[in-house]
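Where a number appears in this text, it was derived from the coordinates with a stated rule and is not lab data. Values in this document were obtained by computation on a predicted structure and should not be read as measured data. When we count neighbours, we look across all protein chains shown, and the Cβ atoms used for this are built from the backbone with ideal geometry, even at glycine.
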Amino acid sequence: MQTTWDLTPLYPSIESEAFLADLSAVQSSIQEMTAWSRTSFQGPDPTTDLCTYLTFCKETGSRFFRLKSYCNLLLSTDGLATAPGAALEKLEQLEALFAPIDTAAKAFLATVPDLDGLCKNQPLLLEHRFFLSQLQEEGRHLLSSQEETLYATLRSTGVLSFVKLWENTTAALEPVVNGKALPLAEVRNLAYHPDGALRKAAYEAEIAALQTAALSSAAALNAIKGETITLCHLRRYESPLAMTLIQSRLDGEVLSAMRQAMASARPAFRRYFKAKSKALGNKGALPFWDLFAPIGEENQTFPYAEAQDYVVKQFSTFSKALGDYARYAFDHRWVDALPKKGKRGGAFCENLHPIGESRVLTNFSGTFNDVLTLAHELGHGYHGACLKEESFLNSDYPMPIAETASTFCEILVKQAALATATPAQALSILESDVSDMAQILVDIDSRFLFEDGVFRARKNGPLSVEQLNDLMLSAQKETYGDGLSTYHPLMWVVKPHYYDADYHYYNFPYAYGLLFAQGLYGLYQQEKEAFPDRYRAMLSLTGKANLKDVAASMGIDITKPDFWHLSVSQCLQTVEQCTKALEAYQK
């Protein structure tokens, strides 16, 4: 059975005629539009220029996205590959040339007092009304055209080089567990192993390996966050968080209400951690290496082929469309499943709108948690499929809603598994579910606190490895409290979201995804027949609406704290059930 993905629908290779032709077409289009931008929006009818710009974004932007995605996907499974790395660097240099073109359109839109009036009787503009409103907001935070071009030009040899430094450094790590060197992703997977001694050995090996990468990772993190602080100041954003909220189409009040609801759950999770620790035979609170330890009868081990069938079956109970989507993805090799040297850790899904497909990366080891990861990432892919018929410019949705379809698919699989499980299996599934909830409602908040602390402290200068470790420990202790006996001070080295130069605070979106998905699942329970079509329609809206309006399409008001507390309370019912079962558990 094939366990690697097929990227040929994108391009046969970096050296292929198709790749080189698209690269040449992008270069020519950018050159033509750069000349256009010098005299654009100066005539009596600016709508013509705006239509020209939108056509460029749809066609050249889509082609550029296809090229860059291909290179990134190649590098995600072989971080040290030279050909895609060189091609990606060339693309990043090309990306800088978009700056004067985008600046011309954004600067014009920032001066438009009546966007609806401008779009009237213009089908292309009306179709992209929301996209234009986003550009208009960005236009209010522009630097001068020369400054924007300079920044974009320097970026590929500046901050993006630090991103590559972190990627290459961590991709090459091979922690030594019990005398055997293993890929970092494989070592991290051992956190789910039933052997407690092996879990501890893997944790200690991971810490030792991450210490060797900490100095270069700190340099990268300081560069990325330092640039963001400077850029936010120059662009007149109140803070990096304020900028992120605008990009996320989310109000600060909603984030605050959601985080307050999350904080209210901490005492219940701390009781759960202590109950799990006792069930594992520990004295005192839970060691960090036991956070993901399986409880009770070990969950069924899933060969990859069996995991595929299981996901398809459970998806199909929700809707034929969702089940068919998963089956098609597996049959057409959209998934790169297994860990290997040079492959990045974790999991992700890349929605490839230009070809109407997706690609999923996992580090599958056969646990039920890995099955859930497959479901999660395919949920992302299904979200992309729901946007397949939308314009490329209406297919980009913000981070928080990005984690909704994925989390919803996880819930479907968990609930289906519980419905057919034996009592011993049910305990394992239930405990795994609560373990995942803890990651989102407790650990994710520690990541938010850490990143927020980094941004605050970085204003005063670069942070040392020791300072970053202290910030990580402080954040973990605030959220986990006395539920843990040990922590993970180097977690900042291994989490890729901290090193994304384009997105910051990629932590709270997971909490939004879980809690919003919980609310959606409650609706699904009430109206199972009508819900799948309404759900699909909601997902198709996510590229051209703010989150408040997306939620309102399902009758949900995310501006009300009551919604978040209700979703948290639904999670806590499961936490309490699990805690009682753990307290009664005899190993």
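Summary of computed values
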| item | result |
| --- | --- |
| On Cα atoms only, tilt of 320-331 relative to the major axis of the chain in degrees | 90 degrees |
| Modelled FRET efficiency - R0 41 Å, Glu15 with Glu306, Cβ distances, 0.05 increments | 0.60 |
| Solution diffusion estimate, µm²/s, Stokes-Einstein, the stretch 438-488, Kirkwood Rh from C-alpha pairs, 20 °C, viscosity 1.002 mPa s | 191 µm²/s |
| Cα extents of the stretch 466-518 along the three principal axes, largest first (Å) | 32, 29, 14 |
| Centroid-to-centroid separation of the stretch 3-20 and the stretch 483-522 [C-alpha atoms, Å] | 32 Å |
| Zero-based 5 Å bins, Cα pair distances in the stretch 236-374, whole percents | 2, 7, 11, 12, 12, 13, 17, 15, 8, 2, 0, 0 |
| Ranked list, fewest to most other Cβ atoms within 10 Å of each Cβ, for Asp396, Asp195 | Asp195, Asp396 |
| Net length gained if the chain between Gln146 and Asp195 were fully extended (0.36 nm per residue, minus Cα distance) | 11.7 nm |
| Sum of side-chain charges, Asp114 neighbourhood, beta-carbon under 13 Å (Lys, Arg +1; Asp, Glu -1) | +1 |
| Calculated [θ] (222 nm, deg cm²/dmol) that DSSP helices of n ≥ 4 give over the chain, each run adding -39,500 (n - 2.57) | -21000 deg cm²/dmol |
| Net charge over other residues, Cβ less than 11 angstrom from the Cβ of Met554 (K, R count +1; D, E count -1) | -2 |
| Sequence of Val550, Val575 once ranked by neighbouring C-beta atoms within 10 Å, starting from the fewest | Val575, Val550 |
| The stretch 17-157: equivalent-ellipsoid semi-axes (sqrt of 5 x gyration tensor eigenvalues, Cα, Å) | 30, 16, 14 |
| Full-extension gain in nm, Glu238 to Glu529, via 0.36 nm per residue minus C-alpha separation | 100.2 nm |
| Environment charge at Pro267 (Cβ cut-off 12 Å; Lys +1, Arg +1, Asp -1, Glu -1) | +2 |
| Pairs beyond 30 Å (Cα-Cα), from Lys90/Lys495; Lys340/Lys528; Lys58/Lys560; Lys283/Lys340 | Lys340/Lys528; Lys58/Lys560; Lys283/Lys340 |
| Over the stretch 237-285: Kirkwood hydrodynamic radius from C-alpha pairwise inverse distances, Å | 13.4 Å |
| Violating pairs (Cα-Cα greater than 26 angstrom) within the set Lys68/Lys544; Lys477/Lys580; Lys180/Lys477; Lys68/Lys180; Lys200/Lys341; Lys180/Lys313 | Lys180/Lys477; Lys68/Lys180; Lys180/Lys313 |
| Whole-Å distance, taken between Cα centres, linking the stretch 458-480 and the stretch 58-76 | 35 Å |
| Debye, to nearest 20: dipole size of the stretch 442-541, +1 on Lys, Arg Cβ, -1 on Asp, Glu Cβ | 140 debye |
| Which of Ile401, Ile355, Ile229 has the fewest Cβ neighbours within 10 Å, and the rest in rising order | Ile355, Ile229, Ile401 |
| In degrees, nearest ten, helix 145-155 long axis to first principal axis of the chain (Cα) | 40 degrees |
| Entry for Cα Rg over 2.2 N^0.38 Å (calculated from the structure that is shown) out of (i) 0.96; (ii) 1.09; (iii) 1.25 | (i) |
| Set of aspartates and glutamates near Lys343 by C-alpha distance (under 20 Å), chain-local residues within fewer than 8 positions excluded | Asp6, Asp78, Glu89, Glu167, Glu174, Glu186, Glu206, Asp370, Glu377, Asp500 |
